[in-house]
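Q: Let me begin by handing over the structure; questions about it come next.
The values are calculated or read from the model by the stated rules, or taken from the named source; none is laboratory data. Remember, predicted model here, so these are calculated numbers, not experimental data. All Cβ positions, glycine included, derive from the backbone under ideal geometry; neighbour counts span all protein chains shown.
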Amino acid sequence: MSEKKKIVLAEDNSTLSLLLKFRLQKEGYDIFIAKDGKQAIELIEEHNPELILTDIMMPYISGLEVISHVRNKLEMKVPIIVFSAAGQEEMVLKAFSLGANDFMGKPFSPNELVIRVKRLLS
Amino acid sequence: MNDYQNILEYFNQLPVLVKLVWYVSFLLFIFILGLIFYLKILRNNLRENEKKRIKYQKIYEENLINYLYAGDGIEGISPEQRVFINNMKKDISNTFNRNVLISVMTKLVNDISGEIAQAIHKFYFETGLIDYSLLKLKARKWEIKAAGIHELTQFEVKQAYNEIEKLIKHPHKEVRNQAQLYLVNLFQFKGLKFLNDLTYQLSEWDQIQLLEILQKFDNQEITDITLWLKSNNLSVVKFALKLAKVYNQFESKETLLELLKHNNKEIRVETIKVLGYFYDTDSKEYLKSNFHDITEGEQIAFFKLLENIADQTDQHFIIVNISHPNFEIKLMALKILKNINQPKFNTLKLAENDIDVERIVEFIKNN
């Protein structure tokens, strides 16, 4: 029996987190939800996920700091998808320079997210 | 008992002014005590409401997501979803519950697109939440009206157009602002029709918001902006100038040239900037011949325009303005001269005694 792939989802919009959790669980992934960057780092260190989904703007620690921590401190090569809102183009460029693999601009389709997750985990 | 009588006698013997101070102090003490109790009750109520809100938010989040994934993948509503809608209809008759549900839906609809977003919109209609939003438009309080318009914008209710168009001239700024956002979010350029006879001023922030919304949409039919460029409302003209630049409205060039004679200085300066963006040569001759009659701001804007379109024919005009008292114009004149006639620029240093010019020439040569 193959083990479920783990995904850490860092998003401060609780409704969106729940929706994505439900959708990704249906696809057979194990989802860990963080409501801010601080929790995201704790979950990443604890569960060593196969993929990270993170919003850019979050309380306490931003998505950019999460990416920086994962790439520079934990030295993990796990794929990272960043969520960004309109007007955060500069932030997205910073996220890529820090080591993000992909980004999705809000509003986005959960179905499209699933396609990108599958592609990165295949 | 004896002590009490002694105190009473002592109090009665006090001078009137001291007695008055005691009375006032007592009243203040009672007032502060009452205020403390009131604040304590208020704080407890707020905490209780917050707890209740969090509790209902969690319930509605879960319910809404179950509803969204209970669909059968076709256009209609599944029996499971219908049960949920019926339950919700009862729940939302309570204002508190309704507000929590709307906030949950809004949070999601802002971040999600595609089928799920459509399903949320459908849910908004099916539960009758739309009727509550429409009812808010008739409310007396401006904040309720504004909230109603905001909800109708979030859930893309185009049917409310006639009702909301009437509110575009509402005396309260927030209601007007929400009405503008509704019209532009849902009808893009067609929604800008309200500019035709707008009497209120559009603030800079309003203009930025409207432009930002318009730029979210691709392949839109751009309305003729000439009427707005000719508006008596200065803010509408300024906004139209922004539209002319962002959407390259070169067709409106004739009207833009007329705006060079507008009685408002800011409009004239902005017009020169837009014409400069279009690399327009017709405006060049007009501005050159009227250069001494226009303000310094316009002169600077004109030189910025010349930076893009100046040629050999402008050389005399440029050389004359190298000795302009304004430093910015002087700098631009020298830069333009270098671009259109480098040998002339190189010999200029010897011909001029102006220290500023010499320094600028050195700077331009080295950069």
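Q: Suppose we keep only residues that are in a loop (DSSP other than H, G, I, E, B) and within 12 Å of the chain's Cα centre (by Cα) within the range A:21-56. Which one would you say is farthest from the other protein chains (Cβ to nearest Cβ)?
A: Looking at the filtered set, the residue picked out is A:Glu50.
Residues checked against (1) under 20 Å from the mean Cα position of the chain (by Cα); (2) crowded, with 17+ Cβ neighbours inside 10 Å; (3) on the phi > 0 side of the Ramachandran plot:
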| residue | (1), (2), (3) |
| --- | --- |
| B:Gln220 | no, no, no |
| B:Leu243 | yes, yes, no |
| B:Gln249 | no, yes, no |
| B:Glu258 | no, no, no |
| B:Lys265 | no, no, no |
| B:Arg268 | no, yes, no |
| B:Leu275 | no, yes, no |
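Q: Please identify the pairs in which a residue from the range A:15-40 that is touching a residue at least 12 places away in the same chain (Cβ under 8 Å) has its Cβ atom under 6 Å from the Cβ atom of a residue that is assigned to a helix (DSSP H, G or I) and surrounded by fewer than 16 Cβ atoms within 10 Å (Cβ to Cβ), counting only partners at least 6 apart or on another chain.
A: From the range A:15-40, the pairs are A:Ile31/A:Gln25; A:Phe32/A:His47.
Q: If you take the residues of the range B:202-218 that are under 8 Å from the mean Cα position of the chain (by Cα) and more than 13 Å from B:Val246 (Cβ to Cβ), which of them is farthest from the other protein chains (Cβ to nearest Cβ)?
A: B:Ser203
Q: Taking B:Ile54 as the residue in question, decide whether it is β-branched (Val, Ile, Thr), within 14 Å of another protein chain (Cβ to nearest Cβ), free of Cβ contacts under 8 Å to residues at least 40 places away in the same chain and assigned to a helix (DSSP H, G or I).
A: Values: β-branched (Val, Ile, Thr): yes; within 14 Å of another protein chain (Cβ to nearest Cβ): yes; free of Cβ contacts under 8 Å to residues at least 40 places away in the same chain: yes; assigned to a helix (DSSP H, G or I): yes.
Yes.
Q: Picking from A:Ser97, A:Ser68, A:Ser17, which residue would you name as being among the polar types (S, T, N, Q) and touching a helix residue (DSSP H, G or I) at 6+ places or on another chain (Cβ under 8 Å)? Step through it out loud before you land on a result.
A: Working: A:Ser97 fails: touching a helix residue (DSSP H, G or I) at 6+ places or on another chain (Cβ under 8 Å); A:Ser17 fails: touching a helix residue (DSSP H, G or I) at 6+ places or on another chain (Cβ under 8 Å).
Only one candidate qualifies: A:Ser68.
Q: Right, here's the next one. Of the numbered conditions (1) within 13 Å of the chain's Cα centre (by Cα); (2) more than 14 Å from every other protein chain (Cβ to nearest Cβ), A:Phe83 satisfies every one except a single condition; which is it?
A: Just one mismatch for A:Phe83, condition (2).
Q: Which of the residues spanning the range A:49-70 are at pLDDT 95 or above and surrounded by fewer than 20 Cβ atoms within 10 Å (Cβ to Cβ)?
A: A:Glu50, A:Glu65, A:Ser68, A:His69 - these are the residues of the range A:49-70 that are at pLDDT 95 or above and surrounded by fewer than 20 Cβ atoms within 10 Å (Cβ to Cβ).
Q: Could I ask something else about it? Could you tell me whether A:Glu11 is in contact (Cβ under 8 Å) with a residue 40 or more places away in the chain, within 14 Å of another protein chain (Cβ to nearest Cβ) and touching a Leu at 6+ places or on another chain (Cβ under 9 Å)? It would help to see each step written out before you state the result.
A: Details: in contact (Cβ under 8 Å) with a residue 40 or more places away in the chain: yes; within 14 Å of another protein chain (Cβ to nearest Cβ): yes; touching a Leu at 6+ places or on another chain (Cβ under 9 Å): yes.
So A:Glu11 fits the description; yes.
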